[in-house]
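The values are calculated or read from the model by the stated rules, or taken from the named source; none is laboratory data. Since the structure is predicted, the reported quantities are computational estimates derived from the model, not experimental observations. Every residue, glycine as well, gets a Cβ built from its backbone with ideal geometry; the counts of neighbours run over all protein chains shown. In case anyone asks, the SASA skips ligands and DNA or RNA and just uses the protein heavy atoms, side chains included. Shrake-Rupley method; radii C 1.70, N 1.55, O 1.52, S 1.80 Å.
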Amino acid sequence: MIEQRRILRTALPGPKSAALAARRKAAVSSAVSGGNDLYVERAEGAILVDVDGNQMIDFGSGIGVASVGHSAPRVVAAVTKQATSFGHTCFMVSPYDSYVELCEQLAKHTPGDFEKRSALFNAGAEAVENAVKIARAYTGRQAVIVFDHAYHGRTNLTMAMTAKVQPYKDGFGPFAPEIYRMPMAYSYRWPTGAQNCAEEAFAGFASLAHIQVGENHIAAVVLEPIQGEGGFIVPAPGFVTMLRDWCTEHGVVLVADEVQSGFCRTGKWFAIEHEDVVPDLITTAKALGGGLPISAVTGRAEIMDAPVPGGLGGTFGGHPLSCVAALAAIETMETEDLAGRAAQIGELLTGRLTDLASQFPQIGEVRGRGAMIAIELVVPDGSKTPDAALAKAVVAGCGRRGVLMLSCGSYGNVIRMLPPLVSEFALLEDAMDVLAEAFAEAIG
Ligand SMILES: *Cc1c(COP(=O)(O)O)cnc(C)c1O
């Protein structure tokens, strides 16, 4: 058992982490770079233990993956048992029951009371790519609508769908065609004010879709119900409903990319449930596997069954170890009411961050839902000029104190919080104290 407490035994990074960093430099491509220099040896719940014995509070969860906590007991037991019965057979060649059962669970927990089907893959980007393939096969159309600030992955098609060039797309073109980017209802930065945001963003979308693409050419609208890498942007109220109605009117498949926001993270099983909107297809990954790699596309049976038989798949998609891990993760979410827990975490964090914002005018906005919360940092002169340097300094200050935070956002000025949903409240309070210290230090 790892005590759920922050413990610093060395200056960070410690000597063993530093030695590993040197080996990494000589062996790992510098293009695979990250923010943190602490090498993990063990992890449990919301605590990471590094090779020097330091215990860190994890507010990143491996980018929103460890929602059920690190080394969740049900996941560990299920994977251990599966590893001793069989590893890989390939579901397309020699099928097995955990794949089928996981698709049943996906149908049960995703929004919509119609008949559903699922297909399983490995990574979030692969799920998004397949959702596009499925929507194209179903509609016989090619165009795909995505939004400003969107993040959908790093494969060729999903790079085209991702908004930000640095670092995701720089030098990697040419990109896939037939991707069209539309305004996102980002109320904090909407030029004419938050109160106009949803209507004007939707009007912009509808006009561009009509003039530049043509409704009858559009296969899918792909939307993150809360944008992740783009800055935890919650669409202005009403925007998603207007998109849903528009998609229905024009026979366009609405895809909710819930790779980051799905599986209890926002206080409901799926973030789009906060909008009272039912998508046609939903993509999931990150938290789905309880720490193992797996992704899924789930949706209306008639859409999911549209591609030709054999048209979807892949060698490793829905790997047995990942399927049993996902089933164990879902059981954990159900029995421990992790959606309810996410809502409580959200209240605690929002309260603390709102206090912090009243102290530090550099915090322009506190936003998010449930345990998917962020602060956007700006120059405090009323201009809302993004302050990425401050975000970097605060994240570094938290890191030196043993709290792992992540930044995000198109302007790099958002600090996001994705703690495991099993985090003890005392740990969250400690992390918020550390954040306040890091702020005071960074601002001086
Ligand atoms: C992380 C993410 C992806 C890509 O998932 P990978 O597993 O990294 O390929 C796609 N969409 C969203 C919303 C994400 O947050």
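Name the pairs whose Cβ atoms lie under 7 Å apart, with the first residue in segment 299-321 and closer than 30 Å to residue 81 by Cα and assigned to a helix (DSSP H, G or I), the second open to solvent by 40 Å² or more (accessible area, probe 1.4 Å) and aliphatic (A, V, I, L, M), and 6 or more positions between them or separate chains?
Cβ pairs passing all conditions: 321/83; 321/292.
Give me the residue from segment 408-444 that is hydroxyl-bearing (Ser, Thr, Tyr) and crowded, with 22+ Cβ neighbours inside 10 Å and, out of that set, nearest to residue 13 (Cα to Cα).
Out of the qualifying residues, it is 423.
Does residue 279 satisfy the criteria of being out of contact with any strand residue (DSSP E or B) (no Cβ under 9 Å at 6 or more places or on another chain), farther than 21 Å from residue 66 by Cβ and not hydroxyl-bearing (Ser, Thr, Tyr)? It would help to see each step written out before you state the result.
Values: out of contact with any strand residue (DSSP E or B) (no Cβ under 9 Å at 6 or more places or on another chain): no; farther than 21 Å from residue 66 by Cβ: yes; not hydroxyl-bearing (Ser, Thr, Tyr): yes.
So residue 279 fails the test.
Among (1) open to solvent by 10 Å² or more (accessible area, probe 1.4 Å); (2) within 22 Å of the chain's Cα centre (by Cα), there is one condition residue 162 misses while meeting the rest; what is its number?
(1)
Identify all residues within segment 2-45 that are out of contact with any His (no Cβ under 8 Å at 6 or more places or on another chain), in the same structural domain as residue 394 (by TED's automatic domain parsing) and assigned to a strand (DSSP E or B); write none if there are none.
40, 41, 42
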